[in-house]
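Student: After the structure tokens below, expect a handful of questions from me.
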Amino acid sequence: MQCLHFNFSSQRAKDVLAARIKSGHFKVPHDVSAEYIKQMQAESKQESIDKRTGRVSLKWLASGNNSHMWDCSCMAVIFAMIHRMI
């Protein structure tokens, strides 16, 4: 039996997902729960300082709330990218 293995950048997947949401190319039903919306907003891109180098960069950071739906949506983006759908 063969098993495929994919390496991916979660930061890049989150960038792609955020861009698709902003552009209106990521659709969700109008009747999603408040919990879904909360989880989709649980991460944001913020300045982060590398402790070793002191370099500042932008990274996706969690707010402390559950972000399961955000993570699942990122995996859907990765699947779509692997299959060249986006």
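The values are calculated or read from the model by the stated rules, or taken from the named source; none is laboratory data. Computed from a prediction, not measured in an experiment: that's the story for all the values here. With ideal geometry, Cβ positions are generated from the backbone for all residues, glycine too; neighbour counts draw on all protein chains shown. Accessible surface areas use protein heavy atoms only, side chains included; no ligands, DNA or RNA. Shrake-Rupley method; radii C 1.70, N 1.55, O 1.52, S 1.80 Å.
Student: Checking residue 63 against (1) out of contact with any strand residue (DSSP E or B) (no Cβ under 9 Å at 6 or more places or on another chain); (2) open to solvent by 70 Å² or more (accessible area, probe 1.4 Å): exactly one of these is not met. Which one?
Tutor: Unmet for residue 63, out of (1) out of contact with any strand residue (DSSP E or B) (no Cβ under 9 Å at 6 or more places or on another chain); (2) open to solvent by 70 Å² or more (accessible area, probe 1.4 Å): (1).
Student: Let me ask something else. Would you pick out the residues in the range 34-55 that are open to solvent by 100 Å² or more (accessible area, probe 1.4 Å) and either at positive phi or among the hydrophobic types (A, V, I, L, M, F, W, C) (or both)?
Tutor: Within the range 34-55, just 49 meets the criteria.
Student: Can you list residue pairs whose Cβ atoms sit under 7 Å apart, with the first residue in the range 12-36 being without any contact (Cβ under 8 Å) to a residue 40 or more places away in the chain and the second being aliphatic (A, V, I, L, M) and open to solvent by 50 Å² or more (accessible area, probe 1.4 Å)? Count only pairs 6 or more apart in sequence or on different chains.
Tutor: As it stands, the answer is 36/69, since those pairs meet every condition given.
Student: While we're here: Of 31, 15, which residue is modelled with pLDDT of 95 or more and open to solvent by 90 Å² or more (accessible area, probe 1.4 Å)?
Tutor: Being modelled with pLDDT of 95 or more and open to solvent by 90 Å² or more (accessible area, probe 1.4 Å) holds for just one of 31, 15, which is 31.
Student: So, residue 84, is that one of a type in the set (Lys, Arg), open to solvent by 50 Å² or more (accessible area, probe 1.4 Å) and under 11 Å from the mean Cα position of the chain (by Cα) or not?
Tutor: Numbers: of a type in the set (Lys, Arg): yes; open to solvent by 50 Å² or more (accessible area, probe 1.4 Å): yes; under 11 Å from the mean Cα position of the chain (by Cα): no.
So residue 84 fails the test.
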